[in-house]
Amino acid sequence: MMYEFRVSEMAEEFGVHRNTIRNWINAGTLPAKEGPGRKYLMKFEDYQALCEKFGREPLIKPSSYVDLEKVQKYEESKGMPVPMELGYTEKTIYSDAEWADTCMTCGTCASACPIAGVDGLDPRKIVRMAVLGMEDELNEMNWPWKCTMCAKCENACPANVQIMALMRRLRGLRDRDLVPGPIHKGVVTCLERGNNLGIPKDDFVFLCEELGEELEEEGLTGFKTPIDKVGARVMVTVNSKEPFAEPDDMKYWWRIFHAAGESWTIPSENWEGVNWGLFSGDDESMKTVVGRLVDNMRRLKCEVLLLPE
Ligand code: SF4
Ligand code: SF4
């Protein structure tokens, strides 16, 4: 079912400026196409989704239903050989910015940002640049990488612009070779070797067993590190920095589990609890790492996943 509307009607219905509706249409954020009589057409489901975004009930009038024959004739008269597809959203930073066009440039985000001004960082400017389609400029600048992703800007925004999603999308656009710092290298190492620092399985298992023996000597009678224990209730993940540099930190957790009588285990492989794809904007790698944890959960038949990090 199609919904037919005038830009002015839609603007009034959603309480935004008519230019905002045009911008949404041009950017693909609002999947609509031009129809006869200076009206636009969109799928009813897309109209419903828009209503949901604005937290309101759909206000469809019977006169809004479309005569599809009329549309076809119009497209033929305009010499459109293939009818334009509806529901197509071009993948741009703008369309991923989730209604960035609702930004009123009020600056509340900038005043909420704890690092506004560091290297000139200004979330309001980032949102404006995204709305204006300045993808290349945004891709080259370091602001998205300075951002701590604390989300204070987004929480403060009166227009519900998803600034965090925009920041992550910008990070994801950068060539992987140009991702600053070690985070992308950590992602690659994790994909290749199961954890961000590439600790071999044998070394990890040896360390865990050794720490378990120490705990036993320190008074936890009968303690043995439960590695790959099938049927444990909780599967515990580990930040690779702990076995690498601060192994004693793991023992604090284990003492608590022991005192609580918890049934828990650590997988011998793919135990990394820190997913650096989150920080590098790499959704595909994130998905792979999460998938491995899920596989471990299934293999060990655990009920609860613990990410102490
Ligand atoms: S707080 Fe929201 S509406 Fe205001 S400038 Fe920032 S993004 Fe725009
Ligand atoms: S998420 Fe980034 S831009 Fe937003 S307030 Fe935090 S540091 Fe500032």
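Only the coordinates and a few stated rules stand behind these numbers; no lab work does. On a predicted model such as this, the values are computed, not experimentally measured, just so you know. Methodologically, a virtual Cβ is constructed for each residue, glycine included, from the backbone with ideal geometry; neighbour enumeration extends over all protein chains shown.
Computed extension length for Glu135-Ile115: 4.9 nm, one decimal, from 0.36 nm per residue of separation with the Cα-Cα distance subtracted. The ranking of Glu9, Glu34 from fewest to most other beta carbons within 10 Å of each one's beta carbon is Glu34, Glu9.
With 0.36 nm allotted per residue and the present C-alpha distance subtracted, the Asp228-Lys287 stretch has 19.0 nm of extension available. For Leu305, the residues whose amide H sits under 5 Å from its own are Met235, ignoring neighbours fewer than 5 places away on the same chain, with H placed 1.01 Å from N.
When the listed pairs Lys229/Lys287; Lys201/Lys251; Lys43/Lys287 are checked against a 22 Å cut-off, the alpha-carbon distance exceeds it for Lys229/Lys287; Lys43/Lys287. Quick check for you: which residues of region 231-254 have the amide N under 19 Å from the point 7 Å beyond the Cα of Glu309 toward its beta carbon? Residues 235-254 qualify, since their backbone N sits under 19 Å from the label point.
Apply 1/(1 + (r/R0)^6) to the Cβ-Cβ distance of Met149 and Met297, taking R0 = 35 Å, and write down the FRET efficiency to the nearest 0.05. Please list the in-between numbers first.
Values: r = 26 Å, r/R0 = 0.75.
That gives a FRET efficiency of 0.85.
The relative contact order of the chain, computed from alpha carbon pairs under 8 Å that lie at least 6 residues apart in sequence, is 14 percent.
Using C-alpha pairs under 8 Å with a sequence gap of at least 6, the mean separation divided by the residue count of region 183-306 gives a relative contact order of 35 percent. Applying 1/(1 + (r/R0)^6) with R0 = 30 Å to the Cβ-Cβ distance of Arg176 and Glu246 gives a FRET efficiency near 0.55. Judged by the mean number of other Cβ atoms found within 10 Å, the most tightly packed of the peptides 236-248, 254-266 leads the ranking 236-248, 254-266. FRET efficiency for the Arg255 to Ala49 pair, using the beta carbon distance and R₀ = 45 Å, is estimated at 0.35. If the chain linking Glu12 and Glu213 were pulled fully straight, counting 0.36 nm for each residue of separation and taking away their Cα-Cα distance, it would gain 65.3 nm. Here the spin labels are modelled as points 7 Å beyond Cα on the Cα-Cβ line, and at Leu220 and Asp202 they lie 2.6 nm apart. How far apart, in nanometres, would the label points at Ser77 and Leu59 be if each is projected 7 angstrom from Cα along the Cα-to-Cβ direction? Modelled inter-label distance: 3.0 nm.
Candidate cross-link partners of Lys73 among the aspartates and glutamates, defined by an alpha-carbon separation under 17 Å and a same-chain spacing of 8 or more, comprise Glu4, Glu34, Glu85.
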